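Derivation of every value follows stated rules applied to the coordinates shown; laboratory data play no part. Note that the structure is predicted; figures quoted are calculated from it, not measured. So basically every Cβ, Gly included, is an ideal-geometry build from the backbone, and we count neighbours across all protein chains shown.
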Amino acid sequence: MSEAAIEQGAASMGIALAEGAADRMQRHLQLVEKWNRVHNLTAVRDAAQMVAVHVLDSLTLLPHLGDAKRVVDVGTGAGFPGIPLAIARPGVSFTLLDSSHKKCSFLEQVRAELRLSNVQIVCERVEQFHPGTRFDAVVSRAFAELSDFVTQSQHLAAPGARFLAMKGVYPFEEIARMPPTHRVAQVVELLVPSLDAKRHLVFLEAA
């Protein structure tokens, strides 16, 4: 059921998934369910609900990655949006960053079982992570307030890179508290099939 729901949901958003991609996304959810019995990876327990809340929500970011070849997912948690994006874009390199050893252990298992050669797992606090090569896109999903997101992760961005922050309701107050070093370039409303909740994508860039 989950595989068909993922394929249909993606298609309704105009996203064509390669053969086998929806199956791998479903297997990711199955691993989340399995680990959730012992470790609290996500508050969402229902498999059908996970499809919309986690997978389809993550995939809404795809059209906005542009031609980015190196993407870092800051505070990835159980691998959202990083894992679904990496499955959908095998030619793009994704680094999944989280400070929780429990979550990183889970992500290492996901990467191994799904054979995601374009995924790297880094278990570190964002401000302490200093990669050899910086990223074209820095993304986050419910990681932190916008000002904290750009302040803590600005050293990860290559020149001209954009920060993409996934949010729920339109974050008026967070935008008002943005530091002068960065500005909001655009805010796009995201429409997620079967999800009755407000979702927005905030594009941030150096001022």
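The table below lists the values:
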| item | result |
| --- | --- |
| Proportion of all alpha-carbon pairs of region 101-196 beyond 21 Å (%) | 45 percent |
| Cα centroid of region 84-103 to Cα centroid of region 13-36, whole Å | 13 Å |
| Choice from ALA161, ALA185, ALA22 showing the highest fluctuation, given a GNM over the chain with Cα pairs closer than 10 Å | ALA185 |
| Relative contact order computed over region 65-207 (Cα-Cα under 8 Å; 6+ residues apart), in percent | 21 percent |
| DSSP-defined antiparallel bridges as percent of all bridges, region 51-207, nearest 5 | 40 percent |
| Which of HIS101, LEU204, ALA68, positive extreme of dipole for region 56-206 (C-beta unit charges) | ALA68 |
| Sum of -39500 (n - 2.57) over DSSP H runs of 4+, divided by residues of the chain (222 nm, nearest 500) | -9000 deg cm²/dmol |
| Residues of type lysines that LYS103 reaches as a straight line, Cα spacing below 19 Å, ignoring anything fewer than 8 places off in the same chain | LYS34 |
| FRET efficiency, THR181 to SER100 (Cβ-Cβ, R0 35 Å, nearest 0.05) | 0.80 |
| Cα lying deepest toward the dipole's positive end in the chain, options PRO179, HIS28, LEU114, charges on Cβ | LEU114 |
| Whole-Hz couplings from phi, Karplus 6.51/-1.76/1.60, listed for region 102-115; x for Gly and Pro | 4, 5, 5, 4, 4, 5, 4, 5, 4, 4, 5, 5, 8, 6 |
| From phi via Karplus (6.51, -1.76, 1.60), per-residue ³J(HN,Hα) for region 167-174 in Hz, x at Gly/Pro | 10, x, 5, 4, x, 3, 5, 5 |
| Against the rule of thumb 2.2 N^0.38 Å, how large the Cα Rg of region 78-142 comes out | 1.05 |
| Long-range amide H partners of SER99 with built H, under 5 Å | GLU124 |
| With Cα atoms, 0 to 90° folded angle of helix 21-36 axis to the chain main axis | 90 degrees |
| ³J(HN,Hα) computed for each position of region 118-133 - Karplus, 6.51 cos²θ - 1.76 cosθ + 1.60, integer Hz, glycine/proline x | 9, 10, 10, 9, 10, 9, 7, 5, 4, 6, 9, 8, 10, x, x, 10 |
| Between helix 2-12 and the chain: long-axis angle, C-alpha atoms, 0 to 90°, nearest 10 | 50 degrees |
| Candidates LYS34, LYS103, LYS69: whichever shows maximal mean-square fluctuation once the chain is modelled as a Gaussian network with Cα springs under 10 Å | LYS34 |
| Along each principal axis, Cα extent of the chain, largest first, Å | 47, 34, 31 |
